[in-house]
Amino acid sequence: MPFYDVVQSHFQTDELTAFDQALDALEKAVENKKRNLTPDERKKYGSINEANKLFVNKVYDYCKAQPALCSPDVNWDEFAADYQDRAYLETRLNRMRSIMESLENSKILHDYDNFQNSLVDYSFTQYKKDTDAGGYMTKYNELKQFFPRTGSNGNGNGATPPPEEQ
């Protein structure tokens, strides 16, 4: 009997609780710092590209090394605070992206397992309905709607088509 369980590491209740508590703590930690931007504001403020980051870094280097050359029109304490926050946030975003990618990869594997095992169950349901076992015809009719016949090899929804009906 084939098994499609490519991932067998599952979260325990205490791990889920710890994960949720960590998320709650993160949300609480940024509550007073977060800003919601409208789409227009996101477009207006955007994100500086790598070349502009290098420019900002160079200006900051000059500020630290040769403060006499800095413009008096810039609040350099605020500039330094923005610079430090930006650097901190960028490294934390990278860490969070890594966590998100790991979670997405795990979810993909769990989705795959569920789908493959659902196909096995669908095949079993087809078999049992053909033996006139009670209840399987209803189940089969409910499940077959997810695999409409389109006349092509695929089923149009990116999923693997079910095993052929007899």
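Table: residues versus (1) under 32 Å from the mean Cα position of the chain (by Cα); (2) closer than 23 Å to VAL6 by Cβ.
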site: PRO72; (1), (2): no, no
site: ALA80; (1), (2): no, no
site: GLN84; (1), (2): yes, no
site: LEU89; (1), (2): yes, no
site: MET96; (1), (2): yes, no
site: ASN105; (1), (2): yes, yes
site: ASN114; (1), (2): yes, yes
site: LEU119; (1), (2): yes, yes
site: ASP132; (1), (2): no, no
Which residue pairs have Cβ atoms closer than 9 Å, lie 6 or more positions apart in sequence or on different chains, and pair a first residue in region 80-100 that is under 20 Å from ASN49 (Cα atoms) with a second residue that is β-branched (Val, Ile, Thr) and in a helix (DSSP H, G or I)? TYR83/VAL56; ARG86/VAL56
For residues that are within 13 Å of SER118 (Cα to Cα) and not in a helix (DSSP H, G or I), tally how many sit in region 130-151. 2
Where GLU41 falls short, out of the listed (1) over 30 Å from VAL30 (Cα atoms); (2) under 27 Å from the mean Cα position of the chain (by Cα): (1)
The listed residue being aromatic (Phe, Trp, Tyr) and over 30 Å from LYS33 (Cβ atoms), out of TYR83, TYR88, TYR112: TYR112
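Where a number appears in this text, it was derived from the coordinates with a stated rule and is not lab data. It should be emphasised that the depicted structure is a prediction, and the values quoted were computed from it without experimental measurement. Cβ coordinates were reconstructed from backbone atoms using ideal geometry, including for glycine residues, and neighbour counts include every protein chain displayed.
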